[in-house]
Every structure is written in C-alpha cells, then in structure tokens.
Amino acid sequence: MSKPIAIQFGAGNIGRGFIGWLLHESGYHVIFSDVNADLVDEINRQKQYDVILAEENQTTTVINDISAINSQKNPEQLQAAIKEAEIITTAVGPTVLPYLAENLAAGIELRANEQPSSLVIIACENMIGGSESLKEAVYPLLSDKGVAYADKYVRFPNAAVDRIVPDQHHDNPLTVMVEPFYEWVVEKPKDEGITIPTISGMKLVDDLEPYIERKLFTVNTGHAVTAYLGYMKEIESIEDAIHNERILFAVRSALEETGALLIKKYQFSKKEHEEYIDKIINRFKNPYISDYVVRVGRSPIRKIGANDRFVMPAKQYVEAFNTTPKALSHAIAAALLFTYDGDHEANDLQKAIKENGLDATITAYTGIEPYTKLFEEVKEAYLELA
Ligand SMILES: NC(=O)c1ccc[n+]([C@@H]2O[C@H](COP(=O)([O-])OP(=O)(O)OC[C@H]3O[C@@H](n4cnc5c(N)ncnc54)[C@H](O)[C@@H]3O)[C@@H](O)[C@H]2O)c1
Ligand SMILES: O=P(O)(O)OC[C@@H](O)[C@@H](O)[C@H](O)[C@H](O)CO
C-alpha cells in the first residue's frame with residue numbers, strides 16, 4: 001500500500017530540518033513545495049537528505065521517500081497533490097503565508113469534486129494565529145461549493161513550533177543541522193468531526209495561547225534581543241553575543257518582564273518558568289550551532305509589529321502592572337537600530353526613520369500611541385542607544 005501524502009510548503013531550514021523530518025518519521029511520503037528551483041530540482045534528484053543533530057555525537061537521520069514541486073512552475077501538479085494530501089504544513093515565513101492561498105484554494109476545489117476526506121492545514125510559522133490567518137486568505141478564493149466542502153472537511157489548527165535551525169552551508173545543499181531540542185504544539189480542532197493525524201513529536205492541546213505566547217515571548221524575544229544588541233556591538237554569532245555579559249543581562253531583563261506577564265496571565269509556576277528561561281539561554285549557547293545575529297534579527301518590521309515578540313508583551317505588561325517594561329522598550333529601540341543592509345525590512349525601516357522621523361516611524365510600525373509612557377520609553381532608549 002502506498003504511503004499517505006503530506007505536503008510541506010517551504011523546503012528551507014524548518015521545512016527540511018523539523019517539520020519534514022517529523023512527517024517522514026510518521027510514515028508520510030513528504031512532498032516539499034518551494035519556489036527555489038535549485039532546491040526543488042535537488043530534492044527530486046537526490047530523493048533524500050540528512051538531518052544532523054548539533055551535539056557532540058552529531059547523530060544523523062536520513063530522510064527519504066520525498067519529492068518536491070515548484071509551485072511557480074507547476075501549480076497544477078501542486079494542486080493535484082493537494083487533492084490527495086492528508087496533511088499540509090507550512091514554514092515559509094509569516095509575510096509569505098498569504099501567497100500560498102491561491103494554490104490551496106484551487107486544491108480544495110479539486111477535493112470538493114472528488115475527495116470527501118478530511119484535510120488538516122497547519123502553518124508552522126513564528127506568529128500568533130498563523131493557520132487561522134491562512135484560512136482567512138484561502139476562504140475568499142473558494143466557490144460556495146468549496147466553502148461548504150472546507151467547512152465540513154478542512155481544518156486550520158494554529159500551532160507553535162520551536163527548534164533552532166540556522167542558515168548553513170554544507171557540501172550537500174540538502175543537508176541540514178538542527179539543535180536536538182524541539183517542540184511542536186498544535187491546537188485540537190474544537191469540533192469532534194475531524195481529528196488531526198497522529199504525528200510523532202506533535203503535542204495536541206485544547207488551548208494553544210499559553211504555549212505560543214510562552215514560546216514567542218521567551219525564545220523569540222530573548223533571541224531577538226541577543227541578535228539586535230549583538231549587531232550593535234558588531235558581534236556576528238548568537239553564541240558570542242549571549243556570552244557578552246551586558247547582552248546576557250539585557251536578555252535576562254527582557255525575559256523577566258515577559259516572564260512576569262506570562263506567570264500572571266497563565267498562572268505558570270515561577271520556578272518552572274525560571275527553569276524554562278535558563279534552558280532557553282543555554283540553547284542560545286549551544287557550541288555546536290553557528291547561528292548569526294543577522295538571521296535571528298531578520299525582518300525587523302515584522303518583529304516590532306503589534307502582535308509580535310516585543311510590542312505585544314510590552315503593551316500587555318503595561319496593562320498588567322501599570323508600569324512600562326524598560327528592557328522590552330530597549331529591545332524595541334535596538335530593533336529600530338538594526339541597520340543591516342542585507343535585509344530589505346531593515347532598509348525600509350531606516351528609510352522610514354530618515355524620511356518620516358522617529359516618532360512617526362515608531363507609531364506606524366509598532367502601533368504604540370504617541371504621548372504614552374511606553375512610546376516615550378522606546379524613544380528615550382533609542383536616543384540613548386543611537
Ligand atoms: N529556523 C528556525 O530556527 C525556525 C524555528 C521555528 C520557526 N521558524 C519559522 O519557520 C518559518 C520558516 O523559517 P526558515 O528558517 O525555515 O526559513 P527559510 O528561509 O530557511 O525557509 C523558507 C523557505 O520558504 C520558501 N518559500 C518562499 N516563498 C515560498 C512560496 N511562495 N511557496 C513555497 N515556498 C516558499 C523559500 O524558498 C525557503 O526555502 C518562519 O516563519 C520562521 O519564523 C524558524
Ligand atoms: O524566525 P524568526 O525570524 O521569526 O525569528 C528568528 C529566530 O528567533 C527563530 O527562527 C528561532 O530560531 C526559532 O523560533 C526557534 O524555535
């Protein structure tokens with residue numbers, strides 16, 4: 001009997017190094033869909049790749065029984081695969097996510113005619129409500145028949161994914177080195193009708209919110225503070241940056257603020273949350289991983305957005321404690337000072353500051369209202385750091 005089909009949109013670091021790996025381990029034939037023609041051709045040529053654990057033993061797993069489709073060149077082939085798939089996952093980046101909607105909608109229309117079986121679509125991106133936002137992009141493209149089908153058979157459960165997979169180069173371009181730690185948490189659909197297929201390593205929960213906020217406001221907040229302060233000090237790697245005492249202090253201070261908020265909001269145990277923070281800081285120190293501040297700091301406009309790792313906890317902190325979070329304000333200011341010209345969002349942000357001024361840029365990109373204490377704190381921190 002042939003294997004069930006899983007489609008992974010994005011054959012990049014997380015696509016190959018984490019989600020594709022777990023789907024393969026769970027018995028799927030994994031079809032990667034990507035727009036990078038070289039990557040797609042290489043997957044179809046080699047039909048396998050190695051995942052290496054970044055630890056002393058460098059344990060290697062071979063991921064085989066895979067193929068790839070170039071979604072730009074062969075959309076019809078992709079839509080036909082969507083018709084057959086049991087599970088679809090994505091790891092393309094939050095800003096790319098809406099561009100997947102057209103092929104997904106066309107594939108769902110094909111299923112509506114011939115495939116009365118359930119389909120689960122999970123966005124594995126660093127964002128709150130990722131799968132839900134993909135659903136919102138797909139539904140307007142569906143016919144009435146497609147909507148009726150999707151309501152009955154298709155679910156878009158939100159997810160939180162955690163595994164550090166840096167940008168890297170190997171002799172074999174498909175090889176990917178990943179940290180040993182991983183966590184994939186998915187919210188169970190509320191209705192009984194559709195169950196999520198069993199995927200090894202995937203944890204199903206009734207309410208994702210505490211998990212995604214704990215992950216985004218700890219791993220990603222801490223990571224981004226390390227990256228932006230490291231960049232300002234001309235330090236290249238995350239490992240070197242986190243070994244800088246001042247940066248470590250700034251990271252811990254920011255995580256104490258997000259931690260205080262999370263503990264209050266979700267009644268986490270203080271001791272367990274402190275252990276979680278320590279574990280994460282140790283992950284940044286992993287000597288077997290070479291991760292760079294410019295990768296971790298990528299897309300600063302996204303990262304200073306109202307629903308992301310700095311501003312969302314900062315605003316909630318103000319509400320919860322009626323005082324401004326100083327370390328998070330510094331972090332937002334450091335992100336505003338990320339001048340790396342290899343990142344188009346960094347370029348756009350610098351252009352906005354130059355052309356529209358600091359005040360207008362803070363409000364436009366963070367949504368923080370002028371004349372609030374948080375706004376003043378961010379501005380003051382920026383002027384201090386600049
Ligand atoms: N790398 C990590 O440590 C890590 C960990 C957890 C979550 N994430 C999240 O996973 C997502 C992907 O990150 P990454 O590090 O793997 O990035 P990446 O750049 O390595 O991979 C993204 C892949 O998506 C492909 N892509 C771009 N547009 C596409 C499209 N329209 N259709 C199909 N594929 C397309 C790119 O060609 C690339 O291969 C992001 O949301 C990121 O926040 C990353
Ligand atoms: O992927 P981003 O750009 O949202 O954030 C950069 C890193 O913090 C991120 O990729 C982490 O490595 C990852 O989230 C760890 O699980």
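Figures for the structure shown
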quantity	calculated
Rg/Rh for segment 209-385, where both radii come from Cα atoms and Rh is the Kirkwood radius	0.95
Angstrom value of the Kirkwood radius, inverse mean 1/r, which spans all Cα pairs in segment 5-206	17.0
Share, in percent, of DSSP beta bridges within the chain that are antiparallel, nearest 5	25
Reduced Cα scattering model of segment 97-146, Debye log10 I(q)/I(0), q = 0.14, 0.17, 0.23, 0.32 Å⁻¹	-0.35, -0.50, -0.85, -1.28
Segment 1-109, Cα convex hull volume normalised per residue, Å³	105
More than 20 Å apart - percent of Cα-Cα pairs taken over segment 183-254	49
Counted charge near S26, where neighbours are those whose Cβ lies closer than 15 Å (Asp, Glu -1; Lys, Arg +1)	-1
Cβ charges +1 (Lys, Arg) and -1 (Asp, Glu), total dipole of segment 113-173, debye	260
Binned Cα-Cα distance frequencies in the chain - 10 Å width, integer %	5, 23, 31, 25, 14, 2, 0
Residue-wise HN-Hα coupling along segment 113-123, computed from phi with Karplus coefficients 6.51, -1.76, 1.60 (Hz; x: Gly, Pro)	7, 9, 10, x, 9, 6, 9, 10, 10, 10, 7
Among 103-110, 36-43, the order from most to least packed when residues are scored by Cβ within 10 Å on average	103-110, 36-43
Within the chain, helix-based [θ] at 222 nm, where runs of 4 or more DSSP H residues each add -39,500 (n - 2.57), nearest 500	-14000 deg cm²/dmol
Amide H partners (placed H, <5 Å) of L119, local residues excluded	V154, R155
Degrees, to the nearest 10: 373-385 long Cα axis against longest axis of the chain	80
Distribution of pairwise C-alpha distances over segment 16-65, 10 Å bins, in %	24, 52, 23, 2
Top positive-direction residue, dipole computed over segment 346-386 with Cβ charges, set P370, I353, L385	I353
N172-Q58 pseudo-label distance in nm [points 7 Å out on the Cα-to-Cβ vector]	1.3
Amide H contacts of F9 (H built 1.01 Å from N, under 5 Å, at least 5 apart or other chain)	S33, T89, T90, A91
Proximal charge balance of D308 [Cβ under 14 Å; K/R count +1, D/E count -1]	+3
Net charge dipole size for the chain [Lys, Arg +1 and Asp, Glu -1 on Cβ; Debye, nearest 20]	440
Binned Cα-Cα distances of segment 333-376, short to long, each 5 Å bin given as a whole percent	5, 24, 31, 23, 11, 5, 1
In degrees, nearest ten, helix 245-266 long axis to first principal axis of the chain (Cα)	70
Cα long-axis angle, helix 311-321 against the chain (0 to 90 degrees, to the nearest 10)	60
Restraint check, K47/K188; K152/K265; K265/K326, Cα-Cα greater than 29 Å	K47/K188; K152/K265
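Read-outs throughout are calculated quantities, based only on the coordinates presented, and are distinct from any laboratory measurement. This one's a predicted model, so the numbers in the text were calculated from it and none came from an experiment. Every residue, glycine as well, gets a Cβ built from its backbone with ideal geometry; the counts of neighbours run over all protein chains shown.
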